[in-house]
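Report on the following structure.
The values are calculated or read from the model by the stated rules, or taken from the named source; none is laboratory data. Since this is a predicted model, take the numbers as computed values, not measurements. Neighbour counts are summed over all protein chains in view; Cβ atoms, including those assigned to glycine, are modelled from backbone coordinates with ideal geometry.
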Amino acid sequence: MRFQATLLAGALGAVTLAAPAVAEAPAAPRGNFGGGALVSPPRDIFGAGNAIVALRALPERRLEIEATVRAKCAGGDIYATSTIAASGAFASDGEVTQDPSPGLTITTTYKLSGRFTGANAAEGTISATIVRSRYGAKTSCRSGEVAFAARRPTSGVGSPGAPEAARYYGTTAQKSSTGPNRPIVIRVSADGRRITRALFGESVKCDDGKLAIGIEAPRTNISIDSHGIVRDRDRFTITAGELVTYVDDHFTARLGTRGASGTFSLSDRTTDRTSGRTIQRCASGRIRWRASR
């Protein structure tokens with residue numbers, strides 16, 4: 001399942017100091033954390049309330065934040081920096097404006113707060129108001145308050161097989177810029193037999209040299225075999241006017257009691273519908289990811 005990617009934009013959210021200490025200080029976090037939030041099926045996986053969140057904890061309690069939160073009319077991207085308080089708390093609010101394509105402007109006004117609950121885990125909430133302007137015609141929508149979780153994926157996989165109703169949070173080997181590694185979040189069914197849905201941040205490089213970033217999802221309700229293995233291939237066609245895009249996406253996972261690992265690869269070829277001439281090719285290559293519960 002492909003959600004339209006957007007060209008990388010150099011927008012930065014406002015810097016906000018973290019909330020004052022309110023609890024005993026946990027170990028200072030370091031490194032890349034990833035995760036997000038997934039609403040319950042059968043709601044749209046790219047609909048309101050879904051999110052991906054990437055955090056990078058740096059020396060001197062500095063924090064880089066990248067996130068995408070979905071509302072009804074659009075998705076809003078967040079790029080921000082903050083400071084991690086002695087309690088592990090962090091917060092940021094601000095506005096990010098992007099121009100992902102000609103005539104389209106998306107402005108995201110957001111509030112984000114959270115706390116590192118240990119050296120390898122964080123949790124928090126995001127809310128956003130998104131204004132989508134298409135050649136001056138504006139549409140506004142809100143995400144509501146979205147609760148997210150993130151992990152530094154250090155647990156390994158553990159014994160094969162996904163626990164019932166498990167959630168996995170982690171990072172991929174890709175970055176959208178020089179900031180955090182891109183995040184991944186996975187939701188397992190109540191019986192432990194299917195990945196009901198997953199979201200991850202992705203970037204693909206096109207043969208015109210441009211880098212496009214976005215969020216991606218494998219198909220919903222993918223079967224998990226008795227060894228905790230998932231293999232998914234999704235091929236489909238998108239027609240837009242005189243352009244036809246052929247998409248070929250792969251996703252694999254190895255799920256266990258402590259964590260998960262796997263790969264994805266994304267590729268597409270856009271052609272002229274009349275002549276069949278290839279206009280552009282884009283691909284991610286084979287990307288590895290890791291996640292913890």
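On inspection, Leu63 qualifies as among the hydrophobic types (A, V, I, L, M, F, W, C), assigned to a strand (DSSP E or B) and over 14 Å from Gly201 (Cβ atoms). Within the range 145-163, can one find any residue that is touching a Cys at 6+ places or on another chain (Cβ under 7 Å), surrounded by 15 or more Cβ atoms within 10 Å (Cβ to Cβ), touching a residue at least 40 places away in the same chain (Cβ under 8 Å) and of a type in the set (Lys, Arg)? No, that holds for no residue. Number of residues in the range 47-90 that are over 22 Å from Arg290 (Cα atoms) and either basic (Lys, Arg) or touching a strand residue (DSSP E or B) at 6+ places or on another chain (Cβ under 8 Å) (or both) equals 24. Determine, yes or no, whether Ser113 is outside any strand (DSSP E or B), of a type in the set (Ser, Thr, Tyr) and crowded, with 16+ Cβ neighbours inside 10 Å. No. Restricting attention to the range 80-104 and to residues that are assigned to a loop (DSSP other than H, G, I, E, B) and either under 16 Å from Ala137 (Cα atoms) or of a type in the set (Val, Ile, Thr) (or both), the residue that is modelled with the lowest pLDDT turns out to be Pro102. State which residue is nearest to Thr81 (Cα to Cα) when the search covers only the range 164-182 and only residues that are of a type outside the set (D, E, K, R) and surrounded by fewer than 24 Cβ atoms within 10 Å (Cβ to Cβ). Among those residues, the one meeting the criterion is Gly179. If you check Ile279, Ile215 for being surrounded by fewer than 21 Cβ atoms within 10 Å (Cβ to Cβ) and aliphatic (A, V, I, L, M), only one passes: Ile279. Within the range 129-144, being among the hydrophobic types (A, V, I, L, M, F, W, C) and out of contact with any Lys or Arg (no Cβ under 7 Å at 6 or more places or on another chain) holds for Ile130, Ala137.
Conditions (1) in contact with a strand residue (DSSP E or B) (Cβ under 7 Å, 6 or more places away or on another chain); (2) at pLDDT 95 or above; (3) of a type in the set (A, V, I, L, M), marked per residue:
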residue: Pro163; (1), (2), (3): no, yes, no
residue: Pro183; (1), (2), (3): yes, yes, no
residue: Val188; (1), (2), (3): yes, yes, yes
residue: Ile195; (1), (2), (3): yes, yes, yes
residue: Asp208; (1), (2), (3): yes, no, no
residue: Leu211; (1), (2), (3): yes, no, yes
residue: Ala217; (1), (2), (3): yes, yes, yes
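In the range 245-270, which residues are closer than 14 Å to Ala291 by Cα and basic (Lys, Arg)? The answer is Arg254, Arg258.
Give, as residue ranges, the strands (runs of 3 or more DSSP E) completely inside the range 130-194 that count at least 2 residues that are among the small types (Gly, Ala, Ser) and within 16 Å of Gly259 (Cβ to Cβ). Spell out the reasoning first.
On the way: elements: 137-142, 146-151, 167-175, 181-188.
In the range 130-194, 146-151, 167-175 are the strands (runs of 3 or more DSSP E) which contain 2 or more residues that are among the small types (Gly, Ala, Ser) and within 16 Å of Gly259 (Cβ to Cβ).
Among the listed residues Thr117, Thr171, Thr125, Thr178, identify the single one that is closer than 30 Å to Pro59 by Cβ and free of Cβ contacts under 8 Å to residues at least 12 places away in the same chain.
Numbers: Thr117 fails: free of Cβ contacts under 8 Å to residues at least 12 places away in the same chain; Thr171 fails: free of Cβ contacts under 8 Å to residues at least 12 places away in the same chain; Thr125 fails: free of Cβ contacts under 8 Å to residues at least 12 places away in the same chain.
Of Thr117, Thr171, Thr125, Thr178, the one residue that is closer than 30 Å to Pro59 by Cβ and free of Cβ contacts under 8 Å to residues at least 12 places away in the same chain is Thr178.
Of all residues in the range 255-276, those satisfying the criterion of being surrounded by 15 or more Cβ atoms within 10 Å (Cβ to Cβ) and under 19 Å from Cys206 (Cα atoms) are Phe264, Ser265, Leu266, Ser267, Asp268, Arg269, Thr270, Thr271. Of the numbered conditions (1) surrounded by 12 or more Cβ atoms within 10 Å (Cβ to Cβ); (2) among the charged types (D, E, K, R); (3) touching a strand residue (DSSP E or B) at 6+ places or on another chain (Cβ under 6 Å), Asp225 satisfies every one except a single condition; which is it? All conditions pass for Asp225, except number (3). Take the residues in the range 237-254 that are hydrophobic (A, V, I, L, M, F, W, C) and under 19 Å from the mean Cα position of the chain (by Cα); name whichever of them is surrounded by the most Cβ atoms within 10 Å (Cβ to Cβ). Among those that are hydrophobic (A, V, I, L, M, F, W, C) and under 19 Å from the mean Cα position of the chain (by Cα), it is Ala253.
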